[in-house]
Every structure is written in C-alpha cells, then in structure tokens.
1. If Lys and Arg each add +1 and Asp and Glu each add -1, what is the summed charge of the other residues whose beta carbon sits under 15 Å from the beta carbon of SER181?
2. For LYS189, which aspartates and glutamates qualify as cross-link partners when the Cα separation must be under 12 Å and same-chain residues fewer than eight apart are set aside?
3. Tell me, what is the percent relative contact order of the range 8-118, built from C-alpha pairs under 8 Å that lie six or more residues apart?
4. For LEU164, which sequence-distant residues (separation of 5 or more, or a different chain) have an amide H within less than 5 Å of its own amide H, given hydrogens modelled in the peptide plane?
5. Net charge within 12 Å of ASP10 by Cβ-Cβ distance, Lys/Arg positive one each and Asp/Glu negative one each, not counting ASP10 itself?
6. Considering only lysines 8 or more places apart in sequence, or on different chains, count the pairs in the range 1-99 whose C-alpha atoms sit under 25 Å apart.
7. Accessible area per residue for the range 111-205 in Å², computed with a 1.4 Å probe and the full protein assembly in place, what is it?
8. Taking springs between alpha-carbon atoms closer than 10 angstrom, which of THR138, THR48, THR75 fluctuates most in the Gaussian network model of the chain?
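The values are calculated or read from the model by the stated rules, or taken from the named source; none is laboratory data. Computed from a predicted model, the values in this text were never measured in an experiment. So basically every Cβ, Gly included, is an ideal-geometry build from the backbone, and we count neighbours across all protein chains shown. Each accessible area value is taken on the protein alone, full model and side chains, heavy atoms only, with ligands, DNA and RNA left out. Shrake-Rupley method; radii C 1.70, N 1.55, O 1.52, S 1.80 Å.
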Amino acid sequence: FFLTRKVVPDWAYDLLKQSKYSYMQFSINTSNPLDWAKLSPNAVPLDTAYEQVAEMHRQGIYISIQVNPIVAGITGNDDIVKLIHELAARGADHLIFKFVEIVYSSIEGMKKQMRLRFRDRAQKFEDLFTCNIGGFRTIDEDYRKEGLKLFWKECKKAGIKMSLCYEYEFERDEKGQVLNSRGISMGHKFISNDQCHGHRVPLFT
C-alpha cells in the first residue's frame, strides 16, 4: 500500500494497479479546509486530496482512509460526519477512525500547539483530552464512544465500510467499576469490513 498527505506520484498508481490486493491510503482528519491547513500544514489542499481519492477510484484502486487523529474539541463529530459523506461521494472504500492519543511527555507540547493554532477552541480540546488509558492520554471515553456510534451509523448510511485503529475502553465489572487502566480494544464492536485496513488480503509466502 501507499500512504501520503501529499501529491501521489504516477509510479504509485502504476504499482498499485499491478495487484488486486494493493490499496491506497490517505490520512484525512477534517472536512474543514482551514482546519486541515493548520492540522497538516505540509499536506496538499483538502480539495486536492479529495480529487486524488476520486482519481484512485476512477482507476479501480482500493482506497482506505485514515481518519486519524481526530482532535476532539478542534474537530467536532459533525465535521467527521461531513467528511464521511465527502469521501464516500468520491469513491473511498473504507475508513479507519482514531481519536488523538499521545505519550504523557508530549501532553503539554500538544496543548501549546492547539493554543497557538486554534486559540478559542483549544480549551474545549483540553477539557476533552483527559482520559489516561494504556499509558497514553486520549479523549474522554464517553465522548469517543458516542462519536464512534455516530460514525458507524453514518458510514452505514453512506455505504462505506469502517474500522478502528487502536481505540480502547476501560474494562469494567458488572457494577461499572474499572478493573484496570490498561484498556481493552473496541475494534470488534466497530468493524464492518474483513479486517482493520479494509479488504481481505491472503498471506503470501
């Protein structure tokens, strides 16, 4: 597979079409062009990214999109819903969702970047960026779950497959008490395709 946020070179199209098991991945995490420019300052404009998705589809190449990272508070769930339908309209086959998470040593640096780039929305991000699970800081568990339920509904409506990428919830007992802070995968709850990256690929030896 080939993954980029930049211009796809001609040779990538040629190589990907040599095998039906190959696929293209783009990383797109907002439908807002201005936010996209701030979140991915070295990437192609959002319209160009959409055009490349459409061209890959036109040439018969399987397309799996990393909607990653979803920076909650900066990017709202309604924004991601719009992105789902924008990508489905251009022929994307599969979406992979992941809310932002980082190691503890990078937390303050990330907060600083959000304040510099998004000012008025940075506080909402910080208010949601509170969940410590599996040795990482991520978005509030309830917020993530509600978002994923919404994305599942909208993907089904748009006719596009989905999965998660290392998205965890706390393991709880029957009373709802947290048993440990390592977290357990939510992947099996939100997958509508053969595997997390999309279509099934056989094992070659």
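1. Summing Lys and Arg as +1 and Asp and Glu as -1 gives -3.
2. LYS189 reaches GLU167, GLU169.
3. Here the relative contact order equals 29 percent.
4. PHE97
5. Values: positive: LYS17; negative: ASP14, GLU55.
Local charge sum for ASP10: -1.
6. Numbers: LYS6/LYS17; LYS6/LYS20; LYS6/LYS38; LYS6/LYS82; LYS6/LYS98; LYS38/LYS82; LYS38/LYS98; LYS82/LYS98.
Close lysine pairs under the 25 Å cut-off: 8.
7. 64
8. Result for the chain, Cα springs under 10 Å: THR48 fluctuates most.
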